Amino acid sequence: MRRLRRPAGPTLLVTAMLVLLPLLAVMQYRWVGQLSNAERERLQRNLDATTEDFTRSLDRELARAIVGLQADAAVLDDLDPSGYADRYAAWRAITADPEIVAGIFVADFADDARTVRLRRWDAAGRAFVAAEWPAALARVRTRVEQDARAFAEKREPVFAGPAHVLSADGQALVVPAPVPLPPPRTNALPEPRFSLTIVQLNRLHIDREVLPALVARHFGPQGSVDYHVAIVSRQEPARVIFESEPGDAAKLAAHADVKEEFFGLGSDYFGLMRQAAASLRSSTPPGTPERRLFFSVFNRGPQAGPPRRSEDGTRWLLLVRHRAGSLEAAVGRARTRNLAFSFGVLLLMATSVGLLALAARRAQSLARQQIEFVAAVSHELRTPVAVIGAAADNLAQGVVKEPSRVRQYGTTIQGEARRLGETVERVLQFAGIQAGHAVAQRTTVQPEDVVREALAASSSMAEDAGAQIEVQVPEALPLVVADRGALRSAIQNLVINAIKYGGPQPWVGVSVCLGASRRRPEVEIRVTDRGLGIPPSEQARVFEPFYRGVAALSRQIQGNGLGLSIVRSIVDAHGGRVTLQSTQGEGSTFTIHLPAAAASEQPHVRRLEAAAASGKGGSS
């Protein structure tokens with residue numbers, strides 16, 4: 001029973017990698033998809049948190065201004081001006097930017113209880129003084145006068161809720177006075193009074209200084225951010241308050257990753273007020289009586305509890321979009337990059353596996369060729385050794401005594417010894433080439449001289465084979481720079497191959513001519529035979545070491561597969577090349593192309609230069 005051959009290690013490794021690579025590709029694709037989804041959620045969470053922090057930063061300052069600058073009954077009746085000064089100082093201590101407030105005013109009834117008077121806080125004088133309405137508060141004045149007339153008619157507060165604290169044009173905070181506490185041991189509500197604290201905002205400072213600073217702090221410096229940011233008013237027609245780049249507002253209005261309303265007291269009004277009150281208490285001197293805060297106005301009657309968010313509770317709209325076009329587009333680009341990188345790694349792994357398999361096959365082929373080489377060399381060595389040994393035994397034992405037979409035996413021993421020496425020389429030459437010693441010292445040589453030396457060295461083999469050799473070598477060929485011995489060996493190998501593969505009656509043609517390349521002239525040495533020829537499928541491999549064609553093996557032509565490999569190595573070391581033209585059944589032509597020596601190294605040029613030098617010397 002025939003035993004199954006176990007696959008080699010590299011084969012098993014390649015098979016395993018071929019199975020694992022598609023699995024890794026599928027897993028990598030899914031993993032990158034999961035990473036992209038997680039990245040999308042992370043970016044969205046970060047953007048939501050950044051947006052919320054951004055919008056609350058400005059709203060927090062509004063709440064601090066409301067709590068810190070609200071005037072109560074004691075201030076309105078001029079009973080405690082120094083107390084308001086302390087309150088004003090406490091507000092400046094907790095606010096991030098006091099410049100957002102342009103002025104503080106109090107509007108209430110004059111002595112006739114119908115005329116609205118306006119007083120301005122004078123920080124230097126620590127008191128409220130009479131003032132005229134600023135032009136920037138024209139719309140606020142109209143609203144205050146309307147509310148005053150309504151209060152005079154109904155005698156009850158007309159303030160609707162926290163959505164109206166910030167004026168419609170965003171120029172001021174309009175804060176009613178806190179409702180006084182009822183007298184002790186009675187449930188009677190005190191008489192309501194009409195009084196408003198008006199905090200004028202420095203809109204120019206907010207638009208040009210505060211907003212750019214907030215955008216830079218939360219979204220990065222302008223021009224290097226990952227997001228386009230725009231702020232527009234919510235009133236119609238919308239007005240651009242801020243945009244990170246010109247035209248961002250119009251682009252982001254069509255599509256934005258985040259749209260957030262702010263600049264006003266919206267749904268988190270009471271939370272902001274409580275935080276502002278806590279900050280104010282931490283900056284107030286110990287022992288200061290706790291004040292009744294503004295939001296007590298909205299807890300009166302049966303509608304107790306925090307109010308619902310009004311549609312006009314905020315004045316601005318924040319628009320944010322990723323520079324990639326959207327968060328999905330940014331994640332998509334990152335996913336494409338990750339997939340490209342991942343599949344690039346897999347492709348590199350697949351290429352490495354392919355190269356490993358190719359290297360393994362080449363190593364196996366090289367090992368097989370080396371074994372064949374050892375067998376061929378052993379045969380090449382054993383045959384002449386056996387012939388020499390047998391002939392020597394016959395001569396030593398006196399079996400052969402006739403002079404003619406002795407000469408015949410001597411000739412046989414001489415031929416086999418030469419054959420043995422050529423085999424050893426070729427093996428040593430190949431070993432030297434592998435060690436990097438293809439050529440030794442190079443000098444300028446005549447190509448025809450080297451060709452004739454190679455033919456002379458091959459003459460005995462040509463005579464034994466009955467080969468006919470034709471030589472065509474013109475005169476005055478240019479010199480070549482070469483190692484004379486190595487070049488002679490290369491030509492000799494081609495001639496020997498032509499004799500061996502030339503058939504029963506070999507014909508070998510050797511010619512030398514002047515060729516031309518694109519860079520410089522070259523000398524071509526051609527060796528032609530009319531023998532077996534080389535099949536097209538083998539022509540690309542005949543220069544490989546240890547390779548022998550099918551015809552050589554089937555016809556048992558002596559050789560070890562090193563001759564053409566040695567030829568190519570020698571010619572390559574000379575800066576030339578070897579070409580092959582062959583037709584199966586008609587013969588082959590091997591051509592050695594060698595670059596001609598430089599013009600200054602040619603003999604006629606040297607003679608001309610020498611003559612010119614001597615003539616110049618004689619005339620001096």
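Checking the condition more than 29 Å from residue 201 (Cα to Cα) and at pLDDT 65 or above, which residue from 280, 327, 317, 272 passes? It would help to see each step written out before you state the result.
Details: 280 fails: more than 29 Å from residue 201 (Cα to Cα); 317 fails: more than 29 Å from residue 201 (Cα to Cα); 272 fails: more than 29 Å from residue 201 (Cα to Cα).
Answer to the selection: 327.
Exactly one condition in (1) under 30 Å from residue 386 (Cβ atoms); (2) at pLDDT below 80; (3) in the same structural domain as residue 576 (by TED's automatic domain parsing) is false for residue 454; which is it?
With respect to (1) under 30 Å from residue 386 (Cβ atoms); (2) at pLDDT below 80; (3) in the same structural domain as residue 576 (by TED's automatic domain parsing), residue 454 is out only on (2).
Let's see how each residue does on (1) at pLDDT 85 or above; (2) in contact with a strand residue (DSSP E or B) (Cβ under 6 Å, 6 or more places away or on another chain); (3) surrounded by fewer than 21 Cβ atoms within 10 Å (Cβ to Cβ):
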position: 562; (1), (2), (3): no, no, no
position: 575; (1), (2), (3): no, yes, yes
position: 588; (1), (2), (3): yes, yes, no
position: 592; (1), (2), (3): yes, yes, no
position: 595; (1), (2), (3): yes, yes, yes
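Let's see how each residue does on (1) touching a residue at least 60 places away in the same chain (Cβ under 8 Å); (2) under 25 Å from the mean Cα position of the chain (by Cα); (3) part of a helix (DSSP H, G or I); (4) closer than 30 Å to residue 209 by Cα:
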{"site": "22", "(1), (2), (3), (4)": "no, yes, yes, no"}
{"site": "25", "(1), (2), (3), (4)": "yes, yes, yes, no"}
{"site": "38", "(1), (2), (3), (4)": "no, yes, yes, no"}
{"site": "43", "(1), (2), (3), (4)": "yes, yes, yes, yes"}
{"site": "46", "(1), (2), (3), (4)": "no, no, yes, yes"}
{"site": "52", "(1), (2), (3), (4)": "yes, no, yes, yes"}
{"site": "55", "(1), (2), (3), (4)": "yes, no, yes, yes"}
{"site": "58", "(1), (2), (3), (4)": "yes, no, yes, yes"}
{"site": "65", "(1), (2), (3), (4)": "yes, no, yes, yes"}
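Mind checking which pairs have a first residue in region 393-421 that is closer than 23 Å to residue 464 by Cα and a second that is surrounded by 13 or more Cβ atoms within 10 Å (Cβ to Cβ) and of a type in the set (Asp, Glu), Cβ under 6 Å, 6 or more apart or different chains?
Going by the 6 Å Cβ cut-off, there are no qualifying pairs.
Suppose we keep only residues that are more than 20 Å from residue 99 (Cβ to Cβ) and at pLDDT 85 or above within region 196-225. Which one would you say is surrounded by the most Cβ atoms within 10 Å (Cβ to Cβ)?
Step one: filter region 196-225 for residues more than 20 Å from residue 99 (Cβ to Cβ), giving 196, 219-225.
Right, trim to at pLDDT 85 or above and you get 196, 219.
On the way: 196: 25, 219: 19.
Top of the filtered list is 196.
Test residue 476 against the criterion of being of a type in the set (Gly, Ala, Ser) and either under 22 Å from residue 593 (Cβ atoms) or surrounded by fewer than 20 Cβ atoms within 10 Å (Cβ to Cβ) (or both), and give yes or no. Give the steps one after another, and end with the answer.
Working: of a type in the set (Gly, Ala, Ser): yes; either under 22 Å from residue 593 (Cβ atoms) or surrounded by fewer than 20 Cβ atoms within 10 Å (Cβ to Cβ) (or both): yes.
Yes.
Looking at this structure, is residue 481 within 17 Å of residue 591 (Cα to Cα) and either modelled with pLDDT of 85 or more or out of contact with any helix residue (DSSP H, G or I) (no Cβ under 6 Å at 6 or more places or on another chain) (or both)?
Numbers: within 17 Å of residue 591 (Cα to Cα): no; either modelled with pLDDT of 85 or more or out of contact with any helix residue (DSSP H, G or I) (no Cβ under 6 Å at 6 or more places or on another chain) (or both): yes.
The answer is no for residue 481.
Here's a check for you: in region 359-414, which residue that is polar (S, T, N, Q) and under 51 Å from the mean Cα position of the chain (by Cα) is modelled with the highest pLDDT? Break it down into steps so the answer makes sense when it comes.
Taking region 359-414 as the starting set, the residues that turn out to be polar (S, T, N, Q) are 364-365, 369-370, 378, 383, 394, 397, 404, 408, 411-412, 414.
From what's left, under 51 Å from the mean Cα position of the chain (by Cα): 364-365, 369-370.
Details: 364: 77, 365: 74, 369: 66, 370: 70.
Taking the candidates together, the pick is 364.
Looking at the structure I just gave you, is residue 132 under 26 Å from residue 150 (Cβ atoms), of a type in the set (Asp, Glu) and modelled with pLDDT of 90 or more?
Values: under 26 Å from residue 150 (Cβ atoms): yes; of a type in the set (Asp, Glu): yes; modelled with pLDDT of 90 or more: yes.
Considered against the rule, which asks whether it is under 26 Å from residue 150 (Cβ atoms), of a type in the set (Asp, Glu) and modelled with pLDDT of 90 or more, residue 132 comes out as yes.
The values are calculated or read from the model by the stated rules, or taken from the named source; none is laboratory data. Because the structure is a prediction, the values reported are computed rather than measured. Every residue, glycine among them, receives a Cβ derived from its backbone with ideal geometry; neighbour counts consider all protein chains shown.
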